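Have a look at the structure below, then the notes.
No value in this document is a laboratory result; all are computed from the given coordinates. Since this is a predicted model, take the numbers as computed values, not measurements. Cβ: placed from backbone, ideal geometry, glycine included. Neighbour counts: every protein chain shown.
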Amino acid sequence: MGKKRGSEMNILFGWLMKLSIKVKIFLGTLVVLCALVALGFTIKDHEYFFIVAEAVHLAGTIVLLYKLFTKKTCSGLSLKTQEITALYLSGRLICGMLLRNVVGIYMYIMLDLVFLLSTLLTIWKIRFKLKSSYIKELDTVRVPFMVVSCAILAIIIHPRSSDFSFTNTLWAFCVYLEAISVFPQLRFMQNAKMVETFTGYYVFSLGISRFLALAQWIIQVR
């Protein structure tokens, strides 16, 4: 029985490996969307997603800083992912300041502030202290296109409530930007054709964190 299951898994894995990159991306996106919709209809309390997402994000941040300060290299890291992260965290802080009367908002503000400071530290290390190990040629994603696309989507699709519309739109923009912020890092690794150990751990934590953040968003707006 165990051998049969193992054989079936090997066949499935082999089939997936033979697919083109575009098909893999499509299937992965489809699976993620289906999982998000399922979670949105089965789990009511979105706070669980927030807690786990932030914990995973914190773990990834610790791994990233450990690499920068102990290994003294930023090889394999995308500066553009860090810049996008700083942008959406700044936007969320602005939203937090505009929604000071919301219960529990200060916890969000403090966490975002911690992550923003660590992200700015990472950007500083990559741009100045570890500049020689940063491979700019592999960081090829066009950030302005991503930012503008998220802004347009946020204007079209954002939560409707009695709150100031700008705040809802800005929050939606941050959510959309957060969801795709890992893409430059993935493209960087694809161009490099290799994944370093610590970078792999960091990207894995980002992926899990972004997935849970999207799940929380779906539960909130549905």
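Computed values, structure above
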item: Added length on full extension, which subtracts the Cα-Cα distance from 0.36 nm per residue, LEU113 to LYS72; result: 12.3 nm
item: Added length on full extension, which subtracts the Cα-Cα distance from 0.36 nm per residue, SER132 to PHE145; result: 2.0 nm
item: Packing-based order for 128-134, 107-113, using average beta carbon neighbours within 10 Å, highest first; result: 107-113, 128-134
item: Projected label distance in nm at LEU65 and ILE152, using a 7 Å step from Cα toward the beta-carbon; result: 3.8
item: Length released on extending from LEU120 to VAL31, taking residue separation times 0.36 nm less the Cα-Cα span; result: 28.8 nm
item: Pair SER165, SER90: separation of 7 Å Cα→Cβ label points (nm); result: 2.5
